[in-house]
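**Q** I have a structure I would like to understand better, so I am pasting it below and will then ask my questions one at a time.
The values are calculated or read from the model by the stated rules, or taken from the named source; none is laboratory data. No experiment lies behind these values; they were computed from the predicted model shown. For neighbour counting, all protein chains shown are included, and Cβ atoms are generated from backbone atoms with ideal geometry for every residue, glycine included. Keep in mind that these areas ignore ligands, DNA and RNA; they rest on the heavy atoms of the full protein, side chains included. Shrake-Rupley method; radii C 1.70, N 1.55, O 1.52, S 1.80 Å.
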Amino acid sequence: MKPNTVSAVAHLNFRGQARDALNFYQSVFGGEVMAMSYKDFGQVSNEAEADQLIWGQVAADNGFRVMAYDVPSATPYHPGQNAFLVALETETAEQVSAYWDKIANGATITVPLAPAQWTPLFGMLTDRFGTNWALSVAMPQS
């Protein structure tokens, strides 16, 4: 009997930058951007925000998936600097290096990509949208 599987997907909140963030992540990891605006859902409370995202996602064949949302201006929004991060694991050092090279564009590096005691490569950064990331090579499951 095959066990049930569960996947965790980061859901990122923005204030008017969700579409730009999803397009950037798609340029790094590939896949398809799906996006629905407040106007698409008929839930416009502020005309200036009608085209902002009520829901969006990037999903790629390589397993990468992230969702995003624009918090309306009428809703309190206080993003924490370390409230969350997205942990991305790849199968090879070449893969993690390729993603690192792209997502580091405009980022603040907090831990440079380098070998670590538990993995061939590990690094942490805050991307240009303020999202914290930890990238590494996944350890083989025993």
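**Q** So with the 1.4 Å probe, I'd like the accessible area per residue for the chain, rounded to whole Å². If you can, show how the numbers build up before the last one.
**A** Working: 8740 Å² over 142 residues.
It amounts to 62 Å² per residue over the chain.
**Q** How high is the FRET efficiency from residue 51 to residue 92, r the C-beta distance, R0 30 Å, rounded to 0.05?
**A** 0.15
**Q** Right, here's the next one. With a 1.4 Å probe and all protein chains left in place, how much of the accessible area of the chain comes from carbon and sulfur atoms, in whole percent?
**A** Carbon-and-sulfur percentage of accessible area, whole number: 51.
**Q** Under the rule of -39500 (n - 2.57) per DSSP H run of 4 or more residues, summed and divided by the residues of the chain, what mean residue ellipticity at 222 nm is obtained, to the nearest 500 deg cm²/dmol? Walk me through the intermediate numbers first.
**A** Values: 2 runs with 23 residues, N = 142.
So the helix-based figure for the chain works out to -5000 deg cm²/dmol.
**Q** For residue 66, which sequence-distant residues (separation of 5 or more, or a different chain) have an amide H within less than 5 Å of its own amide H, given hydrogens modelled in the peptide plane?
**A** 58
**Q** Follow-up question, since we're still on this one. Near the amide H of residue 90, under 5 Å away, which other amide H atoms are found, from residues 5 or more places off or on another chain, if H is placed in the peptide plane?
**A** 136, 137, 138
**Q** While we're on this one: Which value in Å does the Kirkwood hydrodynamic radius of the chain take, with 1/r averaged over all unlike C-alpha pairs and then inverted?
**A** Kirkwood radius, the chain: 16.4 Å.
**Q** Rounded to whole Hz and in sequence order, give me ³J(HN,Hα) for the range 85-90 from the Karplus expression 6.51 cos²θ - 1.76 cosθ + 1.60, θ = phi - 60°, writing x for Gly and Pro.
**A** 3J(HN,Hα) across the range 85-90, in whole Hz: 8, 9, 9, 10, 10, 10.
**Q** In the range 51-142, what chymotrypsin sites (Phe, Trp or Tyr not before Pro) fall in a loop by DSSP, with at most 14 other Cβ atoms inside 10 Å?
**A** Values: sites: 55, 64, 69, 77, 84, 99, 100, 118, 122, 129, 133; in loops: 64, 77, 84, 118, 129.
Hits after loop and neighbour filter: 77, 84, 118.
**Q** Let me ask you something else. Do any GluC sites (Glu not before Pro) in the range 39-128 lie in a loop, going by DSSP, with at most 14 other beta-carbon atoms within 10 Å of their beta carbon, and if so which?
**A** Counting only loop positions with at most 14 other Cβ atoms within 10 Å, the GluC sites (Glu not before Pro) in the range 39-128 are 91.
**Q** Using Cα pairs under 8 angstrom and six or more residues apart, how large is the relative contact order of the range 1-126, in percent?
**A** Result for the range 1-126 is 22 percent.
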